[in-house]
């Protein structure tokens, strides 16, 4: 029997506003526990929420970027449940009337292109965090995160494989990062994903019973968790069993999912409109303003990189995977208009260096101008490609401009033919045996002579000239 | 005349003219509390040392010629309104030891106007009740008859004003909690339009209904306090950015051109006490005699108001009171090892029976499968009630009615009968559902000498018209001048 998975994803993205959604506390990650708190985000008696306009702006950006309809009027709702990390005993969220609905994003890889529908986007506040200290017989709670703004992005059940789920998530994250509204860091929890999974026989229309997967804390775990769950559901059905609607937790240590709670134990959140906040009214003018200010998005940029710079798909995809990297590339090209060469050096040398040091492109020790300067020195023949690697390493260490390094270290390429002729004469006189062999037809020895000359010039001799003069002198 | 008997306006004049000092006035009020509050039981917390210091500071300001509307005036605050550094119990065991690190916005406004906080006064727990008997902390008695309730939930506020244990007080009104105790204690009380006064720092009972308002000895004082506490507050998204007029400006004689509406449904209520009926109809005649035109109006959905209210208010309360879970502040039951049992025991021990009843009512009404039948339906009724008033106010400027069907009842009389208690809110809670302003002014006494109030309702943000009618009525009567014998 052939089965087809049906997957829908719910993504929580933490928004990068400076302050929380309903108070002025900072949102910065990593502060000592309970230092970014105030009576409002602690849910003290009598306090009231006041909406941070920036949160709405960020949500509208994402809504437009994902082709959603932005609601002229949306509502805040209370989601009621008890947990110690939830200071008010309810989370302020949106329920019946979310800020945006009915959108989509297109995901494209070398193999396929697909459209995934976005059911809705809504805003809400994050909860705090419980800290369990095994050395103590109690749990502690840190409310720094309580009230940090989130948007929840709910997809249609349009995804058909774990790989597609991964591609969708990467695309969603790239858009969030391009919009500069979310860090997209799954490990730190600023980008979280729950998955709804079911399977059905191929070509069948009706959906099967779904399970909800939680605790998918990295891209790898999303794909692994989905693989496991799809496989598990297949086995249950093949054995004549039935899928139970339930919430399952992915266990990354054991590489399996386990039931967390069934349908009967599902929370009744008793949603109702929050009487402390007015209906959220958004004018068409404001939406238009936000739309005008949107940056170029990954898909459009990728297409442009292919057309404008003549880059292959692979290069364009990689260089547009982050806005800052694309910006860096374009800055380099503005100084040194040879796109493919720039692309090769970025992908070949720079990204390798950054990966090795765990740095992002914004933390690159080499500025775009200096990076382009290095390529210029090669083109002008001031240094060889080989010396360029040395200069690159020095730039990485010191951040100095390449020309300065070349001068300081005396790395300027020797292009003076008479000087090279002198060195070659030396090499010939010192290696009479090899000269004879060469003349007897062992032309492979040209490389040996090249090496000798380079050794004497510490690699600075222009290889083209050396090659030419050697052939003349050896009579080859 | 004793200093503590002064109205705010009179005291303000005397302070301004340096006939009395704030220290003298404040001391007189504390002496009065000392003498009679063991009988009445209005105060939960007294802040005498702080108050005397503030009075001294007020006198220094006055000496420098810096005087605001309430400089040096001692006032009492309902214990549901947060006061920085001062216990704010909400009449509940669960917050018995809670000291807020912030002031409610109204407290900051009162302080800027120079007012002196005498202390915090008793109330039904979290504002839930009509008799102040639901306070978990103490019993408050009606100064006019010590075996009777002062009304509620702002019973402490009304009793303190009535017994001259402060010059004025703040209460809060979710379904009549200012107007009904004001009526029962023979003082003036106003629930302003929803959004007129900031709710920041008012511990929420039902957020879409709650509103802070003054309880005072007369209409002029009511206008003075309203001047101070009204206005937009960026900390309360539901407060309305609308200019605040000088309400004392409308306290002028003459009701010519004013039309009063009498809702026929309000006089068909079962259990309307004859003495209340008599006093209120007499008051209406008096007002007519002052030049107002009187017409009959209809509020056809009145019969559904109590039911709608007792769904919406508990729904919001069930959510608003979820934060009292023993985790962050307030009382926690530490006898239980599991988290869920900690919640259960903390809340079962911390909340009184009426609060628990309403939390259960609200939780049930919001539950999956019941939401549409209860919360949604009640919200629809609410809209209809609002439309009733809009329609009525096309024909009249104010609506007059009783505040409560009966004068103050005996302590313990209705405590085991929540339904009768709920039904006694029939005249007041529609104003909260509609968000309109409502006021109670003394309009007579029962045969037993119990005060009776006249309710005046008006259009959104038309407090000035309420005050004008109340002022004109007050000028021709002396009910507000009578004092309980204590």
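The values are calculated or read from the model by the stated rules, or taken from the named source; none is laboratory data. All values derive from a computational prediction rather than experimental measurement. Positions of Cβ are generated from backbone atoms using ideal geometry, with glycine treated the same way; all protein chains shown enter the neighbour counts.
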For this session: Starting from residues that are out of contact with any strand residue (DSSP E or B) (no Cβ under 6 Å at 6 or more places or on another chain), part of a loop (DSSP other than H, G, I, E, B) and more than 10 Å from chain B (Cβ to nearest Cβ), keep the ones in the range A:53-85 and report whichever is surrounded by the fewest Cβ atoms within 10 Å (Cβ to Cβ).
Result: A:72
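Report, by residue number, each residue of the range A:134-167 that is assigned to a strand (DSSP E or B) and within 14 Å of chain B (Cβ to nearest Cβ).
Looking only at the range A:134-167, we keep the residues that are assigned to a strand (DSSP E or B), and these are A:139-142, A:149-155, A:159.
Within the range A:134-167, A:139, A:140, A:141, A:142 meet the criteria.
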Problem set entry | Matching helices (runs of 4 or more DSSP H) fully within the range B:265-381 where at least 1 residues are in contact (Cβ under 8 Å) with a residue 60 or more places away in the chain, surrounded by 20 or more Cβ atoms within 10 Å (Cβ to Cβ) and out of contact with any strand residue (DSSP E or B) (no Cβ under 7 Å at 6 or more places or on another chain) | B:302-320, B:339-350, B:353-366
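This table checks each residue for (1) outside the structural domain of residue A:165 (by TED's automatic domain parsing); (2) under 30 Å from residue A:323 (Cα atoms); (3) exposed (fewer than 14 other Cβ atoms within 10 Å of the Cβ).
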position: A:192; (1), (2), (3): no, yes, no
position: A:197; (1), (2), (3): no, no, no
position: A:201; (1), (2), (3): no, no, yes
position: A:215; (1), (2), (3): no, yes, no
position: A:219; (1), (2), (3): no, yes, no
position: A:229; (1), (2), (3): no, no, no
position: A:237; (1), (2), (3): no, no, no
position: A:240; (1), (2), (3): no, no, yes
position: A:259; (1), (2), (3): no, no, yes
Exercise. Which of the residues belonging to the range A:398-422 are modelled with pLDDT of 80 or more and in contact with a strand residue (DSSP E or B) (Cβ under 7 Å, 6 or more places away or on another chain)?
Worked result: A:420
Exercise. With B:96, B:84 as the choices, which residue is more than 16 Å from residue B:158 (Cα to Cα), surrounded by fewer than 23 Cβ atoms within 10 Å (Cβ to Cβ) and touching a residue at least 60 places away in the same chain (Cβ under 8 Å)?
Worked result: B:96
Problem set entry | In the range B:94-121, the residues that are under 16 Å from residue B:78 (Cα atoms), within 14 Å of chain A (Cβ to nearest Cβ) and not in a loop (DSSP other than H, G, I, E, B) | B:95, B:105, B:106, B:107, B:108, B:120
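With the requirement that a residue be closer than 22 Å to residue A:195 by Cβ and assigned to a strand (DSSP E or B), what does the range A:114-133 give you? Explain how you work it out, then say what you get.
In the first step, residues of the range A:114-133 are kept if they are closer than 22 Å to residue A:195 by Cβ; the result is A:114-124, A:126-127.
Result: A:114, A:115, A:116, A:117, A:118, A:119, A:120, A:121, A:122, A:123, A:124.
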Problem set entry | Counted residues, the range A:334-354 - those being more than 17 Å from residue A:399 (Cα to Cα) and surrounded by fewer than 19 Cβ atoms within 10 Å (Cβ to Cβ) | 9
Exercise. Considering the range A:251-302 alone, what residues qualify as being more than 13 Å from chain B (Cβ to nearest Cβ), in contact with a strand residue (DSSP E or B) (Cβ under 6 Å, 6 or more places away or on another chain) and at positive phi?
Worked result: none
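Name every residue in the range A:26-40 that is touching a strand residue (DSSP E or B) at 6+ places or on another chain (Cβ under 8 Å) and within 14 Å of chain B (Cβ to nearest Cβ), in order of residue number.
Answer for the range A:26-40, where residues must be touching a strand residue (DSSP E or B) at 6+ places or on another chain (Cβ under 8 Å) and within 14 Å of chain B (Cβ to nearest Cβ): A:33, A:34.
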Exercise. Of the residues A:282, A:243, which is under 27 Å from residue A:97 (Cα atoms) and touching a residue at least 12 places away in the same chain (Cβ under 8 Å)?
Worked result: A:282
Seminar exercise, completed: Among residues of the range B:178-227 being within 20 Å of residue B:40 (Cβ to Cβ) and free of Cβ contacts under 8 Å to residues at least 60 places away in the same chain, the residue nearest to the other protein chains (Cβ to nearest Cβ) is B:214
Exercise. Quick check: is even one residue across the range B:154-161 within 14 Å of chain A (Cβ to nearest Cβ), under 16 Å from residue B:425 (Cα atoms) and not in a loop (DSSP other than H, G, I, E, B)?
Worked result: no
Exercise. Can you name every residue in the range A:1-24 that is touching a strand residue (DSSP E or B) at 6+ places or on another chain (Cβ under 9 Å) and within 14 Å of chain B (Cβ to nearest Cβ)?
Worked result: A:21, A:22
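Test residue A:446 against the criterion of being over 40 Å from the mean Cα position of the chain (by Cα) and either in contact (Cβ under 8 Å) with a residue 40 or more places away in the chain or part of a helix (DSSP H, G or I) (or both), and give yes or no.
The answer is yes for residue A:446.
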For this session: Look through the range A:86-106, keep the residues that are within 13 Å of chain B (Cβ to nearest Cβ), in a loop (DSSP other than H, G, I, E, B) and closer than 15 Å to residue A:152 by Cα, and return whichever of them is modelled with the lowest pLDDT.
Result: A:96
Exercise. Among B:241, B:245, which is the only one that is away from chain A (no Cβ under 14 Å) and modelled with pLDDT of 95 or more?
Worked result: B:245
Seminar exercise, completed: Of the listed residues (B:219, B:203), the one being crowded, with 24+ Cβ neighbours inside 10 Å and farther than 22 Å from residue B:459 by Cβ is B:203
